[in-house]
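Beneath this line is the structure, given in structure tokens, with notes to follow.
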Amino acid sequence: MKPKRGTTKRITTKRRTETFSTKAALLEKLIPACAEEYEKLFGHPWSQHPLRWHEPELARSQIETDAWRVMNALGKAASAALDFFDSHGLDAGRRDHGIYYAHELHKLLKRHRRLLEGLKEKVGEFPRPIDKRQALVKSVNVRGPNVFAGLPYGRKLNDRELAIISLLMHKGEDFSFNRGMTIGDAIDRERRRMGLANKRASKPTKRWMREVHED
């Protein structure tokens, strides 16, 4: 028998995907990568995107969402203040409870009770406004910046395409970062968030359904 010929192992060098230890370092590479992919997808640079005239509305949508959070926080704080003494079984009419903060809280309730009661009533009065991702989906996939002009890209975009646009539009400002992430990880995380926003934005709201029935 002929001896078996020795086998040689083929050594392959796998390309190592770059990981990032800080959000700033990731965004420095992520945003240009998204701009490059955007141009390949749509045939024009990001600087010429059809949503640029719609950016102020998207910014107002984020401001509205942030204001909603603040109003709810104020309302919950007002409710806690109004209920503080009763919740401890204390006479709310007396000012000698506690040492310092309870005394200050008593003065606040005495001077600004109507304001606090008004803030308490605001909690849950209005539904949470749509966030900037949902607003972006509505602009791209649902109604477009100009309802009569149709969708700005001529078709509905998939979740990855929406993610690329979202990251470019907001420059990753509220992107949730984890140490060791790659560019692919970042895009995939945004893709999942935009997918959820896409589902929510595509559902008719109760207000819209009411208007349709009234017409």
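The values are calculated or read from the model by the stated rules, or taken from the named source; none is laboratory data. What you see is a predicted model; the values in this text were computed from it and never measured. So basically every Cβ, Gly included, is an ideal-geometry build from the backbone, and we count neighbours across all protein chains shown.
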Exercise. If we scan the stretch 123-144, do we find a residue that is farther than 30 Å from Arg189 by Cα and surrounded by 13 or more Cβ atoms within 10 Å (Cβ to Cβ)?
Worked result: yes
For this session: Sort out which residues of the stretch 47-58 are part of a helix (DSSP H, G or I) and either in the same structural domain as Arg113 (by TED's automatic domain parsing) or touching a residue at least 60 places away in the same chain (Cβ under 8 Å) (or both), and write them in order of number.
Result: Trp53, His54, Glu55, Glu57, Leu58
For this session: Taking the options Lys40, Lys2, name whichever one is out of contact with any Ser or Thr (no Cβ under 9 Å at 6 or more places or on another chain), surrounded by fewer than 11 Cβ atoms within 10 Å (Cβ to Cβ) and at pLDDT 95 or above.
Result: Lys40
Exercise. Between residues in the stretch 77-94 that are under 18 Å from Arg111 (Cβ atoms) and residues that are small (Gly, Ala, Ser) and part of a loop (DSSP other than H, G, I, E, B), which pairs lie under 7 Å by C-beta distance while being six or more apart or on different chains?
Worked result: Phe85/Ala92
Exercise. Conditions: (1) more than 30 Å from Tyr153 (Cα to Cα); (2) in contact with a helix residue (DSSP H, G or I) (Cβ under 7 Å, 6 or more places away or on another chain). Ala102 meets all but one. Number of the miss?
Worked result: (2)
Exercise. Applying the selection to the stretch 164-181, what residues are at positive phi and over 12 Å from the mean Cα position of the chain (by Cα)?
Worked result: Lys171, Gly180
Problem set entry | Subset of the stretch 181-195 (residues that are in a helix (DSSP H, G or I), touching a residue at least 60 places away in the same chain (Cβ under 8 Å) and more than 8 Å from Ala163 (Cβ to Cβ)) | Ile183, Gly184, Ala186
Exercise. Being among the hydroxyl-bearing types (Ser, Thr, Tyr), loosely packed, with under 15 Cβ neighbours inside 10 Å and over 30 Å from Gly180 (Cα atoms), is that true of even one residue in the stretch 99-107?
Worked result: yes
Seminar exercise, completed: Conditions (1) loosely packed, with under 15 Cβ neighbours inside 10 Å; (2) assigned by TED's automatic domain parsing to the domain that holds Asn178 -> Ala33 fails only (1)
Seminar exercise, completed: Conditions (1) farther than 21 Å from Leu30 by Cα; (2) at pLDDT below 90 -> Gly172 fails only (1)
Exercise. Going through the stretch 14-46 one residue at a time, which ones are among the aliphatic types (A, V, I, L, M) and touching a residue at least 24 places away in the same chain (Cβ under 8 Å)?
Worked result: Leu26, Leu27, Leu30, Ile31, Ala33, Ala35, Leu41
For this session: Could you tell me whether any residue of the stretch 62-69 is of a type in the set (Gly, Ala, Ser) and farther than 24 Å from Ile130 by Cβ?
Result: no
